[in-house]
Structure formats: structure tokens, C-alpha cells
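One structure is given below, encoded as C-alpha cells.
The values are calculated or read from the model by the stated rules, or taken from the named source; none is laboratory data. Note that the coordinates shown come from a computational prediction; the quantities given were computed from them, not determined experimentally. Neighbour counts run over all protein chains shown; Cβ positions are idealised from the backbone, glycine included.
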């Protein structure tokens with residue numbers, strides 16, 4: 001009997017595995033430039049850091065948020081969307097670390113991208129996310145990071161030092177220990 005059926009079955013299994021491991025991506029999100037994260041973390045030395053863009057916008061309650069409002073603080077900016085499974089997986093870790101560092105000059109801000117406000121608000125309620133999020137419906141705010149460490153995936157987490165410079169970035173799901181390791185050295189600078 002020819003080996004073609006075994007080869008076809010193997011190719012089909014590889015195709016299924018590739019589809020499963022592409023994260024949140026769907027055809028609609030792929031059309032909008034969605035890329036799932038690979039879990040990589042980049043931490044920059046002080047002299048290699050570039051200024052963060054001073055992005056801003058409205059939160060879900062219509063309040064204005066500007067990164068410059070947190071000058072002198074470490075800012076953790078998490079790019080997320082309600083339809084993103086990895087975003088749902090990392091939400092508890094983000095909230096845990098946000099609470100842990102709330103009294104130490106660390107501000108967490110979400111950057112909700114390519115999402116509806118209703119779905120995003122339901123996400124924050126369901127996962128108990130207490131920190132504010134800026135609405136970035138069309139993804140233009142995250143594009144402003146192109147001169148630094150751009151958030152090239154959903155989710156992405158960018159850590160900005162006390163001087164307003166991009167110090168670190170994680171692409172994909174970030175764990176509580178990884179977040180702590182990205183934040184703690186910046187508190188002593």
C-alpha cells in the first residue's frame with residue numbers, strides 16, 4: 001500500500017497544530033495586522049532606552065489619560081483585547097502585580113485595541129481588572145511606539161521607566177514573576 005495516506009495524515013496534523021498554536025488569530029484579526037506573541041522579553045540598559053511616546057486617550061468612563069500624567073512613576077502599559085485568549089490568560093497576573101506595586105510608584109495602564117467598548121468593559125469586570133485602560137479602537141496609539149520597542153503582538157506589555165523611557169517589552173502572555181523582574185530594577189533607578 002502506498003505511503004501517501006500516512007503522509008497526508010501527517011501533513012494534516014501539522015496544519016492543525018500550526019492553526020492551534022497561532023494564538024488569538026482569526027481571519028478578521030489577521031486582516032487587521034494581528035500577530036500573536038512569542039513570549040520574548042527584551043530589557044534595555046539605561047543608555048539604550050528611547051523616550052516613550054506620550055500617548056493618551058479616554059478610559060471606559062470617558063476620563064482622559066495621558067502617559068505624562070504619571071511622570072516620575074514606572075508605567076506598565078499592557079496592550080490587550082477582549083477577544084484575545086492569551087489576554088484572558090494573563091489578566092490575573094497583571095492584576096496581582098498591579099496591586100502588589102500600587103503603593104510603590106508603579107502605574108498599570110491597559111491599551112485596549114481593536115475592540116468594542118462594551119466587550120472591553122465586560123472583560124475588565126469578568127477578570128477583576130482594576131487599573132484603567134485607554135481605548136485604542138483602531139490601533140493607532142500602539143503604532144506610536146515604533147521608534148522604541150513596539151508592541152508587535154496582542155498581548156504585549158511595555159514597561160516605561162521613571163524618566164519616561166521604554167525600558168522593557170514582553171510579547172505575548174506575561175507571568176507575574178516576569179512582570180516583577182521587569183519592574184523591580186526600575187524602582188531603584
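Here is a list: 161, 136, 188. Which entry is more than 15 Å from the chain's Cα centre (by Cα), under 15 Å from residue 67 (Cα atoms) and either without any contact (Cβ under 8 Å) to a residue 24 or more places away in the chain or crowded, with 19+ Cβ neighbours inside 10 Å (or both)? If you could, list the steps in order and put the result at the bottom.
Numbers: 136 fails: more than 15 Å from the chain's Cα centre (by Cα); 188 fails: under 15 Å from residue 67 (Cα atoms).
Residue meeting the stated conditions: 161.
Regarding residue 65, is this residue modelled with pLDDT of 95 or more and touching a helix residue (DSSP H, G or I) at 6+ places or on another chain (Cβ under 8 Å)?
Numbers: modelled with pLDDT of 95 or more: yes; touching a helix residue (DSSP H, G or I) at 6+ places or on another chain (Cβ under 8 Å): no.
Against the criterion (modelled with pLDDT of 95 or more and touching a helix residue (DSSP H, G or I) at 6+ places or on another chain (Cβ under 8 Å)), residue 65 does not qualify.
Please find, among 56, 110, 72, the residue that is under 27 Å from residue 184 (Cα atoms), surrounded by fewer than 21 Cβ atoms within 10 Å (Cβ to Cβ), in contact with a strand residue (DSSP E or B) (Cβ under 7 Å, 6 or more places away or on another chain) and at pLDDT 95 or above.
56
Every residue in region 96-105 that is in a helix (DSSP H, G or I) and over 15 Å from residue 77 (Cβ atoms), please.
Pass one, region 96-105, residues in a helix (DSSP H, G or I): 96-104.
Once the filter is applied, which keeps residues that are in a helix (DSSP H, G or I) and over 15 Å from residue 77 (Cβ atoms), region 96-105 yields 96, 99, 100, 102, 103, 104.
Looking only at region 142-189, how many residues end up being in a helix (DSSP H, G or I) and either in contact with a helix residue (DSSP H, G or I) (Cβ under 9 Å, 6 or more places away or on another chain) or modelled with pLDDT of 95 or more (or both)?
Taking region 142-189 and keeping what is in a helix (DSSP H, G or I), we get 142-147, 176-187.
Still in the list and also either in contact with a helix residue (DSSP H, G or I) (Cβ under 9 Å, 6 or more places away or on another chain) or modelled with pLDDT of 95 or more (or both): 176-187.
Residues that pass the stated criteria total 12.
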